[in-house]
1. What length, rounded to one decimal in nm, is gained on full extension from residue 88 through to residue 42, with 0.36 nm per residue of separation minus their alpha-carbon distance?
2. Suppose only helical runs count, i.e. DSSP H with n ≥ 4. What mean residue ellipticity at 222 nm does that imply for the chain under -39500 (n - 2.57) per run, divided by all residues and rounded to the nearest 500 deg cm²/dmol?
3. May I ask for the distance between the Cα centers of the stretch 28-62 and the stretch 81-122, given as a whole number of Å?
4. Between 0 and 90 degrees, rounded to the nearest ten: what's the tilt of helix 80-97 against the longest Cα principal axis of the chain?
5. What's the angle, to the nearest 10 degrees (0 to 90), between helix 101-124's Cα axis and the longest principal axis of the chain?
6. Return a whole-number percent for the relative contact order of the chain, with Cα pairs under 8 Å and 6 or more residues apart as the contact set.
7. Based on the Kirkwood radius over alpha-carbon pairs, what value in µm²/s does the Stokes-Einstein equation return for the translational diffusion coefficient of the chain at 25 °C and 0.890 mPa s?
Amino acid sequence: MKKDIANREDLLILMKSFYEKLLADSTISYLFTGIAKINLEHHLPVLVDFWDSILFQSDTYRKNALQPHLDLHQKSPLTPHHFETWLRYFKESVDEKFTGDNAFIIKERATSIATVMQIKTHQLS
């Protein structure tokens, strides 16, 4: 039986599942592995901090989430496909693991974030 997203541990489970999907898809994984060269072990706690702040207003993330994506776009343009793929895997990961109000809210926030980032990167083009 699935439960709702309740804490940082749940967010970590979600992020691991989500990034497993992203990194298995060659149409988007190169952005993380070849261009941004993220270290997933280091990046996962940052992602958990971000979503903890978004979902639970925890104030654990105090960085500018947009700027690294704008910088990435300058190196390798982010396309509508990238945003659609990111959002599809995000929502799939939530739905596979969780159900409830917080699961709904995090998907809505992800949609809003993807939309804003797509608009902002498009303005740079």
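Throughout, read-outs are computed from the coordinates displayed, never taken from laboratory work. These numbers come from a predicted model, not from an experiment.
1. Stretched out fully, the residue 88 to residue 42 stretch lengthens by 14.2 nm.
2. -24000 deg cm²/dmol
3. The distance from the Cα centre of the stretch 28-62 to that of the stretch 81-122 comes to 14 Å.
4. On a 0 to 90 degree scale, this one is about 10.
5. Once rounded, the angle reads 10 degrees.
6. 37
7. So the translational diffusion coefficient is about 164 µm²/s.
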